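Beneath this line is the structure, given in structure tokens, with notes to follow.
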Amino acid sequence: MSDLYKLVIPDEGVLAGLRRFFRSILELESIQAILAPVQLPMKPSVMPALISDPDQIDHCDPLAPSFPLNAAKVVSQLTRNPIGGTVAVFLRSCEIRAFIELVKLKQGTLDEVVIIGMDCPGAFQNASYRRFVQSCTEDPGATFFNQIQKKDTAFPGNIDLAEACKACEHFTPDGADIAIGWLGMASEDHFLLKGQTDRGLDVLKQLKLPEAAAPLMRHGAIADMLAKRLAYRDDMFATTHAATSNLKKLTAYLADCVNCYNCRVVCPVCYCRECVFVTDVFDHDASQVLKWSQRRGLVKLPADTVFYHLTRLAHMSTACVGCGQCSNACPNDIPVMELFRSVAEKTQNAFGYEAGRSVDDAPPLSVFRENEFEDVVGIKGE
């Protein structure tokens, strides 16, 4: 039995085909609801919604280049306790990887979800998406995707993909139960559906879809995009390392931080219920701040901005999946993502770890390895 099937694209286009596919999944007795991005009726915004009525599927838009939050946090909330049924969830690749990290941190479970992913073309920052919608004369998601398929990234108004997306090398949904593939598909009449787990295969078999074969050019298309993303990522790393290579540079890099903590709130893998930075530990008494000022002659306020980011890096760099929500949420446009990804790359490489790759990979510092970092601890294995 094949693990590849066809997602037929009707004359109405890709968006209609995806909606039809989601509807067919929701109509299965084994699936109680589907979580998918939905165009809000009150304004041109896209947010995740849990859909249980198949007639509401026509509001979903998985092609929209909108990424207002990493939905891994939503799936974590849905699965932390038993749902009482199986839910299909459509997630971007970075959302899948973030959810895998949360599962390993006991913040959710895979038991009652079927994860659907798709080759991710990227998304815009929030402000850029609003400008893009204003320039569209047709459906924003379909407009964006049609342009991406033509390899045309000259979007109106000099809008560009988010930096995190341009530097993302994990654009195929490797952790999904069902993967939707469009890269390298020469034929415009169907995309690939691949069952990547027994659970995903079971759903596809129930749908009785026509079997398919992966075209040879798909591998080349994925390799080409990967090479482009890696080159952009490595340039970003080099630029960021140069800009933050000592404390003076790092202080300048983070100078506009106002301690709003938005980056902590939106980070999908920052899961602590209470953060030390919103406790009395960092609620400094005014007399203490005055003493600092008198000692130094000048003290920047709010205080602790650099220390806050260093603490976040120490806590989260091993789990960072590079989704870019930290930069998306920053009111002062600090390139937080670039800093976190650059540090996370080194941290995860040091541990031989890749965040979100597999639930079977134990998070760093959660296990003891006898021969780890021998040059640091000064103990040589016999």
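Taken together, the values in this text are just the output of simple stated rules run on the coordinates, not laboratory data. Note that the structure is a prediction, hence the values are computed from the model and not measured. Note that each Cβ is placed from the backbone with ideal geometry, even for glycine, and that neighbours are counted across all protein chains shown.
Numbers below:
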| item | result |
| --- | --- |
| Cys residues of the chain counted as unpaired, since no other Cys beta-carbon is under 4.7 Å | 60, 120, 136, 165, 168, 257, 260, 272, 275, 320, 330 |
| Mean Cα-pair separation over length for region 226-369, i.e. relative contact order, pairs under 8 Å, 6 or more apart, % | 28 percent |
| Antiparallel bridge percentage (DSSP; both residues within the chain; nearest 5) | 65 percent |
| Principal semi-axes in Å for region 177-225 [√(5λ), Cα gyration tensor, largest first] | 22, 13, 7 |
| Chymotrypsin sites (Phe, Trp or Tyr not before Pro) restricted to DSSP loop in region 78-145 with at most 16 other C-beta within 10 Å | none |
| P(r) histogram, all alpha-carbon pairs of region 4-231 included - 5 Å bins from 0, percent | 1, 7, 14, 19, 21, 18, 12, 6, 1, 0 |
| Radius of gyration and maximum dimension Dmax of region 128-286, Cα, Å | 21.7, 70 |
| Residues in region 304-323 reached by a label modelled at residue 280 [backbone nitrogen below 17 Å; 7 Å Cα→Cβ] | none |
| Likely footprinting exposure, 9, 31, fewest C-beta neighbours within 10 Å first | 31, 9 |
| Distance (nanometres) between label positions extended 7 Å along Cα→Cβ at residue 298 and residue 248 | 1.5 nm |
| In region 139-212, the GluC sites (Glu not before Pro) that fall in loop regions by DSSP, at most 14 other Cβ within 10 Å | 188 |
| Region 1-74: mean projected area of Cα convex hull, nm² | 6.5 nm² |
| Globularity index of region 244-377, i.e. its alpha-carbon radius of gyration over 2.2 N^0.38 Å | 1.20 |
| Pair residue 153, residue 232: separation of 7 Å Cα→Cβ label points (nm) | 0.3 nm |
| Trypsin sites (Lys or Arg not before Pro) restricted to DSSP loop in region 124-164 with at most 12 other C-beta within 10 Å | 150, 151 |
| Cα radius of gyration and Dmax for the chain (Å) | 22.4, 76 |
| Sum of -39500 (n - 2.57) over DSSP H runs of 4+, divided by residues of the chain (222 nm, nearest 500) | -12000 deg cm²/dmol |
| Separation between Cα centres of region 294-365 and region 123-176, rounded to whole Å | 25 Å |
